[in-house]
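Asks: One structure, pasted below without further comment.
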Amino acid sequence: MIPFEKMNGLGNEIIVADMRETKTDITPKAAIALSKKRDTAFDQIMAVHKPIKSGSDYHIVIWNSDGSKAQACGNGTRCVVEWLYKQNLGDNFKLDTVAGIVRAKRRENGLVSVDMGIPHLEWQEIPVSHAIADTNHADIGRGLLHDASLVSMGNPHAIFFVGDDIKKIALDKYGPELEHDPFFPERCNISIAHVTSPTSLTLRTWERGAGLTRACGTASCAATVAASRRGLTKRHVTVTLPGGKLDILWEKDNHIIMTGPTEFEFSGKFDPVSGEYQRIS
């Protein structure tokens, strides 16, 4: 049985799984089974393994609720850092992910800051199925959603800016259609954004492999980049999501720093093959 903590980052439901002392991997079957239970329903599992690369503290494998793997998860990374901090393992970490080494710090005010790396903006890096002239204006949408700004934060994002209340857009309809559009060979995270000032925007996201989510850290970073590229905001933005607020700073060296809270829910153990679990506290 694998020890875990159920946490959330602004309502983005996260399971942090302690895989440091096991050689058994989580199966897609187990991930799907856990996602369908009321207590353990999640957006991502952050599986924490011993380091496999020099210069990193831990190796992180990320699972979506549909049993697929993800390259990056900002809210999940914050939860991992808080989990490690609570075990007195430090407050500064280098985490190895498919998207590269992620540096993160637990701050004295209880918030966690994560260096999300640099955004990738070329069409091959997103990736999309064929060459386009401008990833900041891609006509790929459905209905009200047509002019997308494309950004990769280690995972692909399409951001659609709307001038109205984002709650009025049927993201539960357009999200899955666009996620699986052949234009995106690796599928895509789909977000709608509304700029409210030069330093703030609101955001809703259909998360690839997870569906509608209350918060998405990488989408918040991608939306900040997209808004700044279009001249809609500055490079330091407060992103308001259904679950709360994230502070996003696109620094001059091109790195993006995301800062936000985490919350503990309960702890337990689960079988990495079947997904059966026991709640402890």
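Asks: Of a type in the set (Gly, Ala, Ser), closer than 20 Å to ALA99 by Cα and modelled with pLDDT under 95: is that true of ALA47 in this structure?
Replies: In short, no.
Asks: Take region 131-166 and flag every residue that is within 13 Å of ASP181 (Cβ to Cβ) and free of Cβ contacts under 8 Å to residues at least 12 places away in the same chain.
Replies: The one that is within 13 Å of ASP181 (Cβ to Cβ) and free of Cβ contacts under 8 Å to residues at least 12 places away in the same chain: ASP139.
Asks: How many of the residues in region 66-75 are crowded, with 23+ Cβ neighbours inside 10 Å and in contact with a helix residue (DSSP H, G or I) (Cβ under 8 Å, 6 or more places away or on another chain)? Walk me through it before giving the result.
Replies: Going residue by residue through region 66-75, those that are crowded, with 23+ Cβ neighbours inside 10 Å are 70, 72-75.
Checking the rest, the ones that are also in contact with a helix residue (DSSP H, G or I) (Cβ under 8 Å, 6 or more places away or on another chain) come to 72-75.
Residues in region 66-75 being crowded, with 23+ Cβ neighbours inside 10 Å and in contact with a helix residue (DSSP H, G or I) (Cβ under 8 Å, 6 or more places away or on another chain): 4 in total.
Asks: Which pairs do you get when a residue that is within 20 Å of ARG38 (Cα to Cα), found in region 53-67, comes within reach of a residue that is among the β-branched types (Val, Ile, Thr) and buried (at least 16 other Cβ atoms within 10 Å of the Cβ), reach meaning Cβ atoms under 7 angstrom, with the pair 6+ apart or on two chains?
Replies: Partner pairs satisfying both residue conditions: TRP63/ILE26; TRP63/ILE45; ASP66/ILE32; GLY67/ILE32.
Asks: Same structure, new question: Name every residue in region 99-130 that is in a strand (DSSP E or B) and either in contact (Cβ under 8 Å) with a residue 60 or more places away in the chain or among the polar types (S, T, N, Q) (or both), in order of residue number. Spell out the reasoning first.
Replies: Filtering region 99-130 for residues in a strand (DSSP E or B) gives 100-106, 112-115, 120.
Of everything in region 99-130, those that are in a strand (DSSP E or B) and either in contact (Cβ under 8 Å) with a residue 60 or more places away in the chain or among the polar types (S, T, N, Q) (or both) turn out to be VAL112, SER113, VAL114, ASP115.
Residues are listed down the side, and each one gets a yes or a no for (1) part of a strand (DSSP E or B); (2) under 29 Å from MET1 (Cα atoms); (3) at pLDDT 95 or above; (4) not assigned by TED's automatic domain parsing to the domain that holds LEU84:
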| position | (1), (2), (3), (4) |
| --- | --- |
| CYS221 | no, no, yes, yes |
| THR224 | no, no, yes, yes |
| GLY231 | no, no, yes, yes |
| LYS234 | no, no, yes, yes |
| THR238 | yes, no, yes, yes |
| LYS245 | yes, no, yes, yes |
| PRO272 | no, yes, yes, no |
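Asks: Still on this structure: For residues in region 106-122 being more than 17 Å from the chain's Cα centre (by Cα) and surrounded by 17 or more Cβ atoms within 10 Å (Cβ to Cβ), which is nearest to SER228 (Cα to Cα)?
Replies: LEU121
Asks: Also: With surrounded by 15 or more Cβ atoms within 10 Å (Cβ to Cβ), farther than 25 Å from ALA131 by Cα, within 19 Å of the chain's Cα centre (by Cα) and without any contact (Cβ under 8 Å) to a residue 40 or more places away in the chain as the only criterion, which of THR202, THR233 stands out? Don't jump to the end; show me each part of the working.
Replies: Details: THR233 fails: within 19 Å of the chain's Cα centre (by Cα).
Just a single option satisfies the conditions, and that option is THR202.
Asks: For region 143-189: of the residues being assigned to a loop (DSSP other than H, G, I, E, B) and β-branched (Val, Ile, Thr), which is nearest to GLN44 (Cα to Cα)? Outline the logic, then answer.
Replies: To start, the set of residues in region 143-189 that are assigned to a loop (DSSP other than H, G, I, E, B) comprises 143-144, 153-155, 162-165, 169-170, 180-188.
Subsequent filtering for residues that are β-branched (Val, Ile, Thr) retains 162, 169.
On the way: VAL162: 28, ILE169: 25 Å.
So, considering only residues that are assigned to a loop (DSSP other than H, G, I, E, B) and β-branched (Val, Ile, Thr), the one nearest to GLN44 (Cα to Cα) is ILE169.
The values are calculated or read from the model by the stated rules, or taken from the named source; none is laboratory data. Since we're looking at a predicted model, the values are computed, not measured. Cβ atoms come from the backbone with ideal geometry, glycine included; neighbour counts cover every protein chain shown.
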